[in-house]
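Peer 1: First the structure, which I've put down as structure tokens, then a few questions once you've had a look.
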Amino acid sequence: MASDTATAHANVNLALVKYWGKREPALNLPATGSISITLDGLGVEARVAFDDGSADRLEIDGSPAAGKEAGRLERFLDVVRAEAGRRERALVATRGSVPRGIGLASSAAAFAALALAGSRAAGLRLEPPALSALARRGSGSAARSIFGGFVEWRRGERADGHDSVAVQLAPPERWDVRVVVAVTTTAPKAVSSRDGMRRAEASPFYPAWVAGADTDLIDARAAIEARDLEALGLLAEHSALKMHAVGLAARPPLLYWRGATIECVHRVWELRADGTPAFVTIDAGPQVKVLCTPADASRVAAALAAVPGVERVLTCIPGDGARVLA
Ligand code: PMV
């Protein structure tokens, strides 16, 4: 039935102040707030159809979902069904322009698109905050991909997580920046962000990480408001390096970087020393993402492409939030 079917699209987002650690794992409630930029051109389209099938049928990029990925999708559909008070099984197909599981936030885009398509297909018309809370259940960072431009996901205080939702700080057209992504390896990452966070939460540096978050959020909001690239870039670099330092001090240690990751960081620092304002951030994977001005993007991209071990370089502009396609 057409009314039980919906298709939606969402873009990935890149955290400038990172989410790394949970106050409650079952609901994906974060220990700290985080701030991101939604990126155009790296996204996932999701189609959800509830029907009278006897089981959920799940397809990712044209192949049946298997293992952990399938389990995660089914659990998310259960959340949608519970919210809508429905029991039907679903046919789900997602297609992304982002490689999966390599630290390019494909799950953020996928669960934001699934939250929108799934809730519509189930007959719900959720307002953006409720949609953000639903997306969060699939993947924490998906809460932010509901919105475009610069976005803050609030930690929230409530045990039910209803106040742990994202809000837009500035629309994409308010500040034209570039994010240059250096892909250093397309092999799947060894430790998922879920497992990585669990390990980081036991690090002796974790309390300092949590304690520093509020100041970072205040400073990032001010930098976005003032469109101050240097302030935001230095803060994004600081947040990312702190996040990885927490993992380094964990037992067993957590290190997502490869050799090319570190070479990219040094290359960006050299560019900066030569007068190009460019700033690195790194997520739960070996890729390096660089924040810079539109005028400097091609120079930054060329410099990163020349680093040995860099397989591919992509340049992104600020993107829109999740939208219904059909
Ligand atoms: O949403 P998750 O569980 O994939 O975690 C995302 C974690 C980071 O990408 C490293 C940081 C962030 O805030 O997006």
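The values are calculated or read from the model by the stated rules, or taken from the named source; none is laboratory data. Please read these numbers as outputs of a predicted model, since none were measured by experiment. Here Cβ is always computed from backbone atoms with ideal geometry, including for glycine, and neighbour counts include all displayed protein chains. Surface accessibility is based on the protein's heavy atoms, side chains included, excluding ligands, DNA and RNA. Shrake-Rupley method; radii C 1.70, N 1.55, O 1.52, S 1.80 Å.
Peer 1: Output the residues belonging to the range 32-78 that are among the aliphatic types (A, V, I, L, M) and surrounded by fewer than 18 Cβ atoms within 10 Å (Cβ to Cβ).
Peer 2: Across the range 32-78, the qualifying residues are Ala55, Ala66, Ala70.
Peer 1: Hey, among Ala93, Ala105, which residue is of a type in the set (A, V, I, L, M) and on the phi > 0 side of the Ramachandran plot?
Peer 2: Answer to the check: Ala105.
Peer 1: Still on this structure: Answer yes if at least one residue in the range 184-197 is of a type in the set (Lys, Arg), within 16 Å of the ligand (Cβ to nearest atom) and open to solvent by 50 Å² or more (accessible area, probe 1.4 Å), and no otherwise.
Peer 2: yes
Peer 1: What are the residues in the range 123-134 that are buried (at least 21 other Cβ atoms within 10 Å of the Cβ) and touching a residue at least 40 places away in the same chain (Cβ under 8 Å), if any?
Peer 2: Scanning the range 123-134 gives Leu131, Leu134.
Okay, residues lined up against (1) within 13 Å of Lys18 (Cα to Cα); (2) not small (Gly, Ala, Ser):
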position: Pro188; (1), (2): no, yes
position: Glu201; (1), (2): no, yes
position: Gly212; (1), (2): yes, no
position: Asp219; (1), (2): no, yes
position: Leu235; (1), (2): yes, yes
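Peer 1: Do the conditions hold for Leu39, that is, is it assigned to a strand (DSSP E or B), within 16 Å of the ligand (Cβ to nearest atom), at pLDDT 95 or above and of a type in the set (A, V, I, L, M, F, W, C)?
Peer 2: When the stated conditions are applied, Leu39 passes them.
Peer 1: Can you list residue pairs whose Cβ atoms sit under 6 Å apart, with the first residue in the range 150-177 being among the hydroxyl-bearing types (Ser, Thr, Tyr) and the second being assigned to a strand (DSSP E or B)? Count only pairs 6 or more apart in sequence or on different chains.
Peer 2: So the pair list comes out as Ser164/Leu29.
Peer 1: Going through Ala143, Ala240 one at a time, which residue ends up being within 16 Å of the ligand (Cβ to nearest atom), open to solvent by less than 10 Å² (accessible area, probe 1.4 Å) and under 30 Å from Leu77 (Cβ atoms)?
Peer 2: So the residue among Ala143, Ala240 that is within 16 Å of the ligand (Cβ to nearest atom), open to solvent by less than 10 Å² (accessible area, probe 1.4 Å) and under 30 Å from Leu77 (Cβ atoms) is Ala143.
Peer 1: Right, another one. Which one is nearest to Leu304 (Cα to Cα) among residues in the range 255-285 that are surrounded by fewer than 22 Cβ atoms within 10 Å (Cβ to Cβ) and touching a Lys or Arg at 6+ places or on another chain (Cβ under 8 Å)?
Peer 2: In this case the residue turns out to be Leu271.
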